[in-house]
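Q: One structure coming up, written as structure tokens, with questions to follow.
What follows draws every value from the coordinates through simple rules; no lab data is involved. Treat the numbers as computed from the prediction; the structure is a model and nothing was measured. Glycine also receives a Cβ, built like all others from the backbone with ideal geometry; neighbour counts cover every protein chain displayed.
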Amino acid sequence: MSALRRPVGPVFWDSCETWSRDELAAHQAASLTRQLARVGRDSAFYRRRFAELGLDPRDLRAPEDLARLPFTRKADYSRSIAESPPWGDFLCIPRERLARIHFSSGTTATPVPQFWSQADLERWADLYARYAYAQGVRPGDLFQCLFTYTWFVGGLGATAGYQRLGATVIPAGSQETERQIRTLFEFGTTVLCGTPSFMVHLGETARGMGFDPAASKVHSITVGGEPGGGISATRRRIEELWGARCYDAYGSLEFQTIGFDCPDQSGPHVAEDFVYAEVVDPDSGEPVPDGTPGVLVLTHLDKEAGPLVRWWTGDVVCRDSAPCACGRRHARLLGGVRGRADDMLVVRGINLFPSAVEQVVREQPGLGGEYRIVVDGSVRNADTGLLNAIRLQVEAEPGSDPARLVAVLEDALKERLRVRARVEVLPLGSLPRETHKARRLVVEP
Ligand SMILES: [Zn+2]
């Protein structure tokens, strides 16, 4: 696979991590000019879009000019695939030059493909190596990859990156929990990657088997694929369980990969040499200042195969471009991804992301790791369909008092989030466990 590369020093993998904001802006402007000219020429979708707008891509010279282009949304992409199956018309290189195709999960819609050239895969591996290096991983570390390899980008992406850095990789996947634990203890695994749900499940199962996860050799855990890594209470739970640092990795199928936690752990740094990031108001589409939540919109700066321009991620973030204590100058997404704009619930006029509920649940002692938010007819106004409350299902650890947990949680949710909840406390192990991506928001008509 990928060739080994050497870091630029003991702290940073790539010199671009500490560029000044001016150096970064110059890099972005030059890359965008090149990329838009190429996309406008080679991608049938964007060629058509530029023509409809009467724009010559060569006229777009500064990042601010991007605002003259509409957002590219998932619906645009799906339509392109449906109208020109199976490849769609976003591709910028001949089909024969594609090195990799990954697909969307297909849980909510028909799976659609995304494309990488060989150079794109090298870039991706190098970004992953950059993240791992920032998180204290070094050549010789033993890395057990618990992201799944099937129909998901995480497994192969992490594998290539950690190999490039010089770590030893065990491509374990997300199945066979007990075998994972035996392997981890027998071989002395030092680094883990997986979904936050699986990291909690793995630790709890290890304890049940008589192993102490905190006594393992694991020192660094990278989580992704779910919002949990950005929720400080969830991260703390994983850190306490494993006696290791837990870092958030932020990516998506379309932009693999976007950002990573540094040792400061205040929110992922966006790889701004790789993507141009805008944060916009979800309704008006206008840019919002740093510190104000908005939807993240991304443009590939150098992707070859299927680059995207002004991609509407749907993820709500809060950007901070101030220097970080770690020395990196790439902007951070404070507190990680707050939630999907689509998953936001409105309860009696209050905007509520499931991640905010998770924060409250995880901080409460006496509860197991799982929870579920249920939205159904029992919490909707029968006439308007609007939500009056949420149902929250949690699990009690043996020995805790269910009635007290109900009262404490209902109070905490009202106090902290101004939301009324009907809390149901179930015995430990009642809710489903997922080793890949957990589905904790259940919306019923
Ligand atoms: Zn930092």
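Q: Got a sec? How would 425, 11 order by Cβ neighbour count within 10 Å, fewest to most?
A: So the residues, fewest neighbours to most, are 11, 425.
Q: Could you tell me which residue out of 367, 393, 379 lies farthest along the dipole of the range 344-443 toward its positive end? Charges go on the beta carbon: Lys and Arg +1, Asp and Glu -1, centred on the Cα centre.
A: 379
Q: Follow-up question, since we're still on this one. Name the long-range amide H neighbours of residue 304: under 5 Å, sequence gap of 5 or more, or other chain; modelled H, no Pro or chain starts.
A: Amide H neighbours of residue 304: 117, 120.
Q: Can you list the trypsin sites (Lys or Arg not before Pro) in the range 213-307 that are in a DSSP coil and have 16 or fewer other beta carbons within 10 angstrom?
A: Here the trypsin sites (Lys or Arg not before Pro) that fit, given the DSSP loop and packing criteria, are 217.
Q: Using only the Cα atoms of the range 277-392, construct the convex hull and provide its projected area averaged over every direction, in square nanometres to one decimal.
A: 11.0
Q: Given the C-alpha centroids of the range 167-200 and the range 56-104, what is the distance between them in whole angstrom?
A: The range 167-200 and the range 56-104 have Cα centres separated by 36 Å.
Q: Right, something else. For the range 293-312 and the range 318-369, write down the distance between their C-alpha centroids in whole Å.
A: Their Cα centres are 22 Å away from one another.
Q: Once both axes come from the Cα atoms, what is the angle between helix 21-42 and the longest principal axis of the chain, in degrees from 0 to 90, rounded to 10?
A: Computed tilt is about 70 degrees.
Q: List the residues whose amide H sits under 5 Å from the amide H of residue 367, counting only those 5 or more places along or on another chain, with H placed 1.01 Å from N in the peptide plane.
A: 397
Q: Looking only at Cα atoms, what is the convex hull volume of the chain per residue, in Å³?
A: Convex hull volume per residue, Cα atoms: 149 Å³.
Q: Strictly over 31 Å apart at the Cα level, which of 303/437; 217/414; 414/437; 74/437 would you flag in this model?
A: Exceeds cut-off: 217/414.
Q: Of 53, 334, 352, which has the largest mean-square fluctuation in a 10 Å C-alpha GNM of the chain?
A: Among 53, 334, 352, the largest mean-square fluctuation in the Gaussian network model of the chain belongs to 53.
Q: Same structure, new question: Can you tell me how the range 257-299 classifies by the Cα gyration tensor, rounded, prolate or oblate, using a/c under 1.5 as the rounded cut?
A: oblate
Q: Taking the 0 to 90 degree range and rounding to the nearest ten, how far is the long axis of helix 118-134 tilted relative to the main principal axis of the chain, both from C-alpha atoms?
A: With rounding to tens, the tilt is 50 degrees.
Q: Report, in degrees rounded to the nearest 10, the 0 to 90 angle that the Cα long axis of helix 154-165 makes with the longest principal axis of the chain.
A: 70
Q: Now for a separate question. Which trypsin sites (Lys or Arg not before Pro) from the range 320-366 combine a DSSP loop assignment with at most 16 other Cβ atoms within 10 Å?
A: 348
Q: Based on the Cα atoms of the range 96-185, what semi-axes does the equivalent ellipsoid have, where each is the square root of 5 times one gyration tensor eigenvalue, given in whole Å with the largest first?
A: On the way: eigenvalues 117, 76, 18 Å².
Largest first, the range 96-185 gives 24, 20, 9 Å.
Q: Roughly what % of Cα-Cα distances in the range 314-445 sit above 27 Å, to the whole percent?
A: Cα-Cα pairs in the range 314-445 separated by more than 27 Å: 28 percent.
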